[in-house]
Amino acid sequence: MEQKTFSGNYGGALQKPVQSGFTAFSTAADVIKGIDLTGITAIVTGGYAGIGLETVKTFVGAGAKVVVPARDIQKAAKNLEGISNVTIEQMDLMDPASIDAFAGKFLLTGSSLHLLINNAGIMWVPLQRDARGYESQLATNHLGHFQLTLRLWPALKKAGNARVVNVSSYGHQMAPFNFEDPNFERRDYDTLSGYGQSKTANNLFALELDQRGKDVGVRAFSLHPGSVNGTDLGRVAPVELFQQMGTHDADGKIFPEVARKLKTIPQGAATTVWCATSPQLDGLGGLYCENADVAELDEGNIGQNYDDPFTLRGVKSYSLDADNARRLWKLSEELTGLKFAAK
């Protein structure tokens, strides 16, 4: 992948579609066509279910070696059975010690890390806290991946041309990041707000990581995979939330007309694979993507309707704001006890 002149995406300065030629219906197989990943090493969190598993299969099919850190080793082994060039290791994003152990073991191999896909996540769960007292969606979706990325930094830097991809969501539009009370210690818990701020954090993290990593060849992206059928992401969400959004009927069943508009898993993985591998993104970074292209800024110009998932698109400017990105980085260092040194 050739490096081009850098220009930053603070404030969404570069947040415009590049006319990739792909669409919401493109699959991971479509976007990887013609791309050779021989000699590439990737880590995919949550790479044993849903779009994470599809991402792993696509990378391996293109020649990459993939490491899958897993909280549930047995489930991972079963779902990844028969796929070559995949290594499964223990890791729990809610457990800082296990993140350090996983990253330390990887660094001991001396391998370069070309692709880090921060894919794992939880959604719309009841209030839970990790051992530090941090709210679980923030801890899993953002802080765990922040810690993992910083611990793996030597291997990313060693690659000389690496990409970090944060699987975010349109859900970032549900809430900006609440810097005053990110862990719901002084406000009533609202699971949608908790999820929304964790996804906003994914975008801000990619934005700031790209600024800090570009000079050593590490670029970062965030993305919305689309509304995908067949994943287990919303498995513990109360059905009332789906009914509230108009996607499910009184019996808790998804409306057929809504189901028909959901992406398949291969379509849902397409944007992840595109962000990780596309030469169309060479020299770019800090971008929020969707439908295998760069997303539009949503400044009230996009009409969204929850019963039509294809209208759920665009990125809010608060999740690409330079001050928010720097502030979140500082807070993340404080909450994890880590200090980042790019070089």
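The values are calculated or read from the model by the stated rules, or taken from the named source; none is laboratory data. The structure presented is a predicted model; accordingly, all values stated were derived computationally and were not measured. A quick note on method: Cβ atoms are made from the backbone with ideal geometry, for glycine too, and the neighbour counts reach across all protein chains shown. Each accessible area value is taken on the protein alone, full model and side chains, heavy atoms only, with ligands, DNA and RNA left out. Shrake-Rupley method; radii C 1.70, N 1.55, O 1.52, S 1.80 Å.
If you put +1 on each Lys and Arg Cβ and -1 on each Asp and Glu Cβ, how big is the dipole of the range 1-112 around its Cα centre, in Debye rounded to 20? Please list the in-between numbers first.
Working: 9 positive and 10 negative charges, 42 e Å.
The calculated dipole for the range 1-112 is roughly 200 debye.
Backbone phi angles across the range 270-283, fed through the Karplus curve with coefficients 6.51, -1.76 and 1.60 (θ = phi - 60°), yield HN-Hα couplings of 4, 5, 4, 5, 5, 4, 6, 10, 5, x, 5, 9, 4, x Hz in residue order; Gly and Pro are listed as x.
Peptides 299-305, 146-152, 172-178 ranked from most to least packed, by the mean per-residue count of other Cβ atoms within 10 Å: 146-152, 172-178, 299-305. The alpha carbon centroids of the range 46-77 and the range 101-172 are separated by 15 Å.
Per-residue 3J(HN,Hα) values for the range 128-140, derived from phi via the Karplus relation 6.51 cos²θ - 1.76 cosθ + 1.60 with θ = phi - 60°, read 9, 10, 7, 4, 8, x, 7, 4, 5, 5, 5, 5, 7 Hz in sequence order (x marks Gly and Pro). A cut-off of 5 Å between modelled amide H atoms, ignoring neighbours fewer than 5 places along the same chain, links Val67 with Ala42, Ile43, Val44, Thr87. A straight chain from Lys343 to Asp308 at 0.36 nm per residue would run longer than the Cα-Cα distance by 8.1 nm. The amide H of Ala220, built 1.01 Å from its N in the peptide plane, has Val164, Asp210, Gly286 as neighbours under 5 Å, considering only residues 5 or more places off or on other chains. Residues in the range 52-59 carry Karplus couplings, in order, of x, 5, 5, 4, 4, 4, 5, 4 Hz; the curve used is 6.51 cos²θ - 1.76 cosθ + 1.60 with θ = phi - 60°, and Gly or Pro positions show x.
By per-residue mean of other Cβ atoms within 10 Å, what is the highest-first order of 37-48, 332-343, 130-141? Each step should come with its number before you reach the end.
Details: 37-48: 22.8, 332-343: 13.4, 130-141: 20.5.
Those peptides, ordered most packed to least, come out 37-48, 130-141, 332-343.
Hey, what's the chain come to in accessible area per residue, 1.4 Å probe, Å²?
40
For the residue pairs Lys157/Lys261; Lys16/Lys330; Lys261/Lys316; Lys33/Lys339; Lys75/Lys105, the alpha carbons lie more than 31 Å apart in Lys157/Lys261; Lys33/Lys339.
Between the amide H of Gly283 and those of Lys4, distances stay under 5 Å, these residues lying 5 or more places away or on another chain, with hydrogens modeled in the peptide plane.
The simple spin-label model puts a point 7 Å past each Cα toward its Cβ; for Ala77 and Val216 those points are separated by 3.6 nm. Quantify, in whole percent, the carbon and sulfur part of the accessible surface of the chain (1.4 Å probe; protein heavy atoms only). In the chain, the share of accessible area belonging to carbon and sulfur is 50 percent.
Can you tell me the length gained on complete extension of the stretch Ser84 to Arg132, counting 0.36 nm per residue apart and subtracting the Cα distance?
Details: separation 48, 0.36 × 48 = 17.28 nm, distance 3.74 nm.
Additional length available on full extension: 13.5 nm.
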